[in-house]
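The values are calculated or read from the model by the stated rules, or taken from the named source; none is laboratory data. This structure is a prediction, so every number in the text was calculated from the model and none was measured. Cβ placement follows ideal geometry from the backbone for every residue including glycine, while neighbour counts extend to all protein chains displayed.
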Amino acid sequence: MNRYVFYVLWCDGITISGLLLYNLLLDERFSGSIMAIVISALSGMIFLVTITKSLGHFPKQGLPEILRMFLPAGARVSLLIFFSIMTITKGCIMIGYASSFFNLYLIDVKTITIIAFMFITVSWGATRSSKTILSTLELVLFICIPIMYYILTKAVFSQGIEWNSIKAMADYAFTWPKWETIAAANSVFSGFVGLIIFNRVVPSKIKWKFIPLLLIVNLHILVTGLLISIGIHGTYGVGNYIAPTYSALDSIGIMSGLFSRTIMPYFLIILFLLLIYAAVTIHVGLELLKGCFSMKFQTNPRKEQLLSWIICGLFTVITMIYFNTFTLKQIKYHTVNWFELRFYTEFLMVALIALFAVMKWKRRV
Amino acid sequence: MKTIYLLVLCFTMAIQSGCAFKDIDKRIFVIAIGVDKSDDINNPYRVTLKLALPTQKLDPSVNNTQIISENSKTITGAIGRITAKTSKDLNYGLLEACVLGESIVNENINEPLNWLSRRFDIPMEGMVALGKPNAETVLKMKPRSENYSGNALFLSLSESGSISSFTVPEHLYDFYRRTTEKGVDPYLPVIETENEVYKIDTAALLDKQKLKVILTPDETRVFKELLQSYPHFEITTKMVDQPFVLTIEQLKSRYTIYTHNKNKPIIHVTVQMRGIVEEFVNQLYEENWTKFEKHVEQEEKTKISSLLKKLQKNGIDPFGFGLLYRATRHEGDKEWEQWQSIYPEAIFDVNVKVSILGTGAIK
């Protein structure tokens, strides 16, 4: 197993669950969010196995090259533009959400300023080469994961957790979830989107034994966060909070050196993870977009960089306007719908690559 | 080209307005807040803030806090008026104690509690307490032992300083959880002032909105023993006309609810304690300890039963038997309706098991 593949999938899972999913799933806690996690784990694993097996047939090729082999120019360009917009939007939504949440706690700074500064960093990261990004990803995960687990372990064993509240939630485990909830929970496993580009530099092969490991590390962070929130705020109280997990972590004293409020080191980690996550996602989106152009364009580094920066600048402005116009309540409503669209997009992506893999295999035979 | 990039970067720094962050010398930290009912009918809330003044050295004799109070229609309004009196920006990031006056707890706690939970900058980890006779008196008092401005209250309330068997600590998040969760009711430690010390030896029990009953210190000791699974208390009884005191070192309590017989639901309370003899004039090492254990068990059993019956009579459930019922049954929303008819009729079956571990340094 190539460890970089694992990092891409891991980083995606923990960042999305840390920032967004806790809120969405806790709102649906009585109407089937536990079942949604189980179903999404199944579908996520099916997607992952299919895409890694299929990409094995295209060594050192990304999605643009694969599409170039099988599709006419018109279909290829429109598909690539659609995929790249969906991927870049994912990064933008996460940056916007994180900025809004940071703004709730750090009242002095405006959301728009935080978004601008985050985009400067992220755009710089996203315009580097795939190899640079992957090695930075490894570094960031090495710094963040231990601290994250330290905080979560501290929280699970703290006096404040009411285990009876968590047990009471078991009654609602077998409620059939809404489709939106499944689509949202599924995003924990959507890290494989990165592999369609990183397949160029690292082979996306996964040994069978690493699939349960991936399932465990991604679900573990998700489920622990949900348990802590319900344990600290109670089954009904948790619904009263805007950001239940942040408030829950705020309730636990860690008394470690500089930090008296647990929320501050947690925000620091989330910030690190978010920056690298957004850089990875936007990098993938940019590479997909560059695939629309001719080979001659792609080999000209000057033009390539210029295009990347223009696209990043465009999305910065759109994100700033969007998060400045709408309230967090409206944005949350839009995000749920966006998650559904993302699910269909990823399904299409997996299906296409699997189809082309079968075609290539048949031709050779 | 690179020079142009650098110039552009420098320019972006210039257009960022530099006053977004206020420096620490322009801020003042609120360390405790008190909410009371005022005598003025038009401005019913009286809010008191305890502000920490920066000092150059630690000196317990220097008064390093400032108290400001204001009346208003709402809590936010009162805070706004207090802000008009201070020169520095109020910062709630280190707020450690929220004291609710007895008058407000007697009426309705929802508004002050809502205000405290709604603000993002107030740490949910802070302590809550009931101030008697009012919150302002409690905040105005400065204990002699206090080094850092205003931390004496936090040290006694949070158990990070002294650990007393009569002080029941209550955090803000836990208090809010208990007011929203079905099947468990809130409680508050009661703070009284007594020349230059805080006296926190009773607990106030609330339903979801207001004060129901204030326990006596002895009941509070039993209450704390059942509430928390870590022991810091002594049991005092009389053996052969001599006072006999046992310091408890280990404690395990378990609750089970039996509803097999629909007319007679039973709540089993099992408490296991192990302790060391701390005070007894006579020799006891050579004697059979079972006699002593049985005596303590009997005494403790009556105390626990009478406390549980008192709570049941008042219709409050701070130990969370209702939540335990919801956790152990699997019928969804119906459980809560069932429990409301079960609790008033339940019979308590209390089992206490005491073991004496040793007799201390002498026989």
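Here are a few things to note about the model shown:
- Entirely in the stretch A:147-212, the helices (runs of 4 or more DSSP H) that have 2 or more residues that are more than 14 Å from chain B (Cβ to nearest Cβ) and under 20 Å from the mean Cα position of the chain (by Cα): A:179-186, A:195-198
- Here the condition is being without any contact (Cβ under 8 Å) to a residue 60 or more places away in the chain and not in a helix (DSSP H, G or I); of B:LYS262, B:LYS309, it holds for B:LYS262 alone.
- Which numbered condition B:LYS224 fails, given (1) of a type in the set (Lys, Arg); (2) assigned to a helix (DSSP H, G or I); (3) in contact with a helix residue (DSSP H, G or I) (Cβ under 6 Å, 6 or more places away or on another chain): (3)
- Close pairs from the stretch A:101-114: first more than 10 Å from chain B (Cβ to nearest Cβ), partner small (Gly, Ala, Ser), Cβ under 7 Å, at least 6 apart: A:THR111/A:SER99; A:THR111/A:SER100; A:ILE114/A:SER99
- Residue match in the stretch B:222-235 (condition: within 14 Å of chain A (Cβ to nearest Cβ), in contact (Cβ under 8 Å) with a residue 60 or more places away in the chain and of a type in the set (Asp, Glu)): no
- Lone unmet requirement of (1) within 14 Å of chain A (Cβ to nearest Cβ); (2) without any contact (Cβ under 8 Å) to a residue 60 or more places away in the chain for B:THR193: (1)
- Residues located in the stretch B:281-295, provided they are surrounded by 18 or more Cβ atoms within 10 Å (Cβ to Cβ) and of a type in the set (Phe, Trp, Tyr): B:PHE292
- Subset of the stretch A:90-110 [crowded, with 20+ Cβ neighbours inside 10 Å and of a type in the set (Val, Ile, Thr)]: A:ILE93, A:ILE95
- Complete set of residues in the stretch A:322-337 that are within 19 Å of A:MET86 (Cα to Cα) and not β-branched (Val, Ile, Thr): A:TYR322, A:PHE323, A:LYS332, A:TYR333, A:HIS334, A:ASN337
- Test: residue in the stretch B:314-336 that is more than 21 Å from the chain's Cα centre (by Cα) and away from chain A (no Cβ under 14 Å): no
- Criterion violated by B:ALA152 - all others in (1) outside any helix (DSSP H, G or I); (2) more than 14 Å from chain A (Cβ to nearest Cβ) satisfied: (1)
- Test: residue in the stretch A:228-237 that is within 14 Å of another protein chain (Cβ to nearest Cβ), surrounded by fewer than 24 Cβ atoms within 10 Å (Cβ to Cβ) and free of Cβ contacts under 8 Å to residues at least 40 places away in the same chain: yes
- Considering residues of the stretch A:16-44 that are surrounded by fewer than 20 Cβ atoms within 10 Å (Cβ to Cβ) and among the small types (Gly, Ala, Ser) only, the residue nearest to A:LEU152 (Cα to Cα): A:ALA41
- When the stretch A:214-242 is filtered for residues that are in a loop (DSSP other than H, G, I, E, B) and touching a helix residue (DSSP H, G or I) at 6+ places or on another chain (Cβ under 6 Å), the ones remaining, listed by number, are A:GLY234, A:THR235, A:TYR236, A:TYR241.
- Condition check for B:ILE316: touching a residue at least 60 places away in the same chain (Cβ under 8 Å), of a type outside the set (Gly, Ala, Ser) and part of a loop (DSSP other than H, G, I, E, B): yes
- Selection of the stretch B:172-188 for residues being within 7 Å of another protein chain (Cβ to nearest Cβ) and crowded, with 22+ Cβ neighbours inside 10 Å yields B:TYR173, B:ASP174, B:TYR176, B:ARG177, B:GLU181.
- Candidate set: the stretch A:255-274, residues that are surrounded by fewer than 20 Cβ atoms within 10 Å (Cβ to Cβ) and either touching a Ser or Thr at 6+ places or on another chain (Cβ under 6 Å) or in a helix (DSSP H, G or I) (or both); chosen: the one nearest to the other protein chains (Cβ to nearest Cβ): A:MET264
- Scope the stretch B:20-52; condition more than 26 Å from B:PRO133 (Cα to Cα) and in a loop (DSSP other than H, G, I, E, B); matching residues: B:ALA20, B:PHE21, B:LYS22, B:ASP23
- Considering A:THR136, A:THR121, the condition of being in contact with a Leu (Cβ under 7 Å, 6 or more places away or on another chain), surrounded by fewer than 18 Cβ atoms within 10 Å (Cβ to Cβ), in contact (Cβ under 8 Å) with a residue 60 or more places away in the chain and part of a helix (DSSP H, G or I) is satisfied by A:THR121 alone.
- Residue in the stretch B:346-361 that is surrounded by 19 or more Cβ atoms within 10 Å (Cβ to Cβ) and part of a helix (DSSP H, G or I) present: no
- Condition met for B:LYS73 (at pLDDT 90 or above, loosely packed, with under 15 Cβ neighbours inside 10 Å and under 28 Å from the mean Cα position of the chain (by Cα)): yes
- Scope the stretch B:70-97; condition among the charged types (D, E, K, R) and more than 20 Å from B:LEU172 (Cα to Cα); matching residues: B:GLU70, B:LYS73, B:ARG81, B:LYS85, B:LYS88, B:ASP89
- Scanning the stretch B:155-167 for residues that are farther than 21 Å from B:PRO54 by Cβ and either touching a strand residue (DSSP E or B) at 6+ places or on another chain (Cβ under 8 Å) or within 14 Å of chain A (Cβ to nearest Cβ) (or both) returns B:SER156, B:LEU157, B:SER158, B:GLU159, B:SER160, B:GLY161, B:ILE163, B:SER164, B:SER165, B:PHE166, B:THR167.
- Within the stretch B:189-221, the residues that satisfy the criterion of being farther than 18 Å from B:ILE104 by Cβ, touching a helix residue (DSSP H, G or I) at 6+ places or on another chain (Cβ under 8 Å) and crowded, with 17+ Cβ neighbours inside 10 Å are B:TYR198, B:ILE200, B:ASP201, B:LEU215, B:GLU219.
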